[in-house]
Amino acid sequence: MRVVTVERIDGTVVCARCEVADTPLARMRGLLGRSGLADDAGLLIRPTNSVHTAFMRFPIDVVFFDRDLRVVRIAADLPPWRAVARRKAKGVVELAAGAAARAGLREGDVLRIRD
């Protein structure tokens, strides 16, 4: 799986080691089967405007972004067995619980994805 860095437009790193799930199989698998995420790791899923945490064993932060990579919603500390969505979102970054707050991420921030 391809790994990228996700950062705010000002250069603040949001996810240093973000795996890209951009195929149907990779999007369907998501973070299933993992016991957790490192603080600097995550999963970039696109296209999607919703995610679920069914069968997961740990909480996550879900950062929704639009076609311009602008953050349109942050679902912080989403526990297992939940679902969350955002109309007009084009993708999400799934992070370890608390990582969005530690990065100072807010709705309206613009993201940049670097290979």
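The values are calculated or read from the model by the stated rules, or taken from the named source; none is laboratory data. Note that this is a predicted model, so its numbers are computed, not measured. Neighbour counts are summed over all protein chains in view; Cβ atoms, including those assigned to glycine, are modelled from backbone coordinates with ideal geometry.
Only one of the numbered conditions (1) closer than 15 Å to residue 27 by Cβ; (2) touching a residue at least 40 places away in the same chain (Cβ under 8 Å) is violated by residue 99, and that is (1).
Condition first: exposed (fewer than 15 other Cβ atoms within 10 Å of the Cβ), over 13 Å from the mean Cα position of the chain (by Cα) and without any contact (Cβ under 8 Å) to a residue 24 or more places away in the chain. Can you find one or more residues in the stretch 42-56 that meet it? No - not one qualifying residue is present in the stretch 42-56.
Against the numbered list (1) of a type outside the set (Val, Ile, Thr); (2) within 19 Å of residue 109 (Cβ to Cβ); (3) free of Cβ contacts under 8 Å to residues at least 12 places away in the same chain, residue 75 comes up short only at (3).
Right, residue 20: among the aliphatic types (A, V, I, L, M), without any contact (Cβ under 8 Å) to a residue 60 or more places away in the chain and touching a His at 6+ places or on another chain (Cβ under 9 Å) or not? Criteria not met by residue 20.
A quick yes/no check of all residues on (1) modelled with pLDDT under 95; (2) aromatic (Phe, Trp, Tyr); (3) under 14 Å from residue 19 (Cβ atoms); (4) in contact with a Phe, Trp or Tyr (Cβ under 7 Å, 6 or more places away or on another chain):
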residue: 53; (1), (2), (3), (4): yes, no, no, yes
residue: 57; (1), (2), (3), (4): yes, no, no, no
residue: 60; (1), (2), (3), (4): no, no, yes, no
residue: 69; (1), (2), (3), (4): no, no, no, no
residue: 86; (1), (2), (3), (4): no, no, no, yes
residue: 89; (1), (2), (3), (4): no, no, no, yes
residue: 106; (1), (2), (3), (4): no, no, no, no
residue: 111; (1), (2), (3), (4): no, no, no, yes
residue: 115; (1), (2), (3), (4): yes, no, yes, no
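Any idea which residue in the stretch 5-39 is surrounded by the most Cβ atoms within 10 Å (Cβ to Cβ), counting only those that are assigned to a strand (DSSP E or B) and hydrophobic (A, V, I, L, M, F, W, C)?
Quick first cut of the stretch 5-39, residues assigned to a strand (DSSP E or B) only: 5-8, 13-21.
Narrowing the set further to residues that are hydrophobic (A, V, I, L, M, F, W, C) leaves 6, 13-16, 18, 20-21.
Working: 6: 24, 13: 13, 14: 26, 15: 28, 16: 15, 18: 24, 20: 18, 21: 23.
Among those that are assigned to a strand (DSSP E or B) and hydrophobic (A, V, I, L, M, F, W, C), it is 15.
On the stretch given as the stretch 74-115, residues that are within 12 Å of residue 52 (Cα to Cα) and in a strand (DSSP E or B) total 7.
If the condition is being β-branched (Val, Ile, Thr) and assigned to a loop (DSSP other than H, G, I, E, B), then the stretch 40-73 contributes 48, 53.
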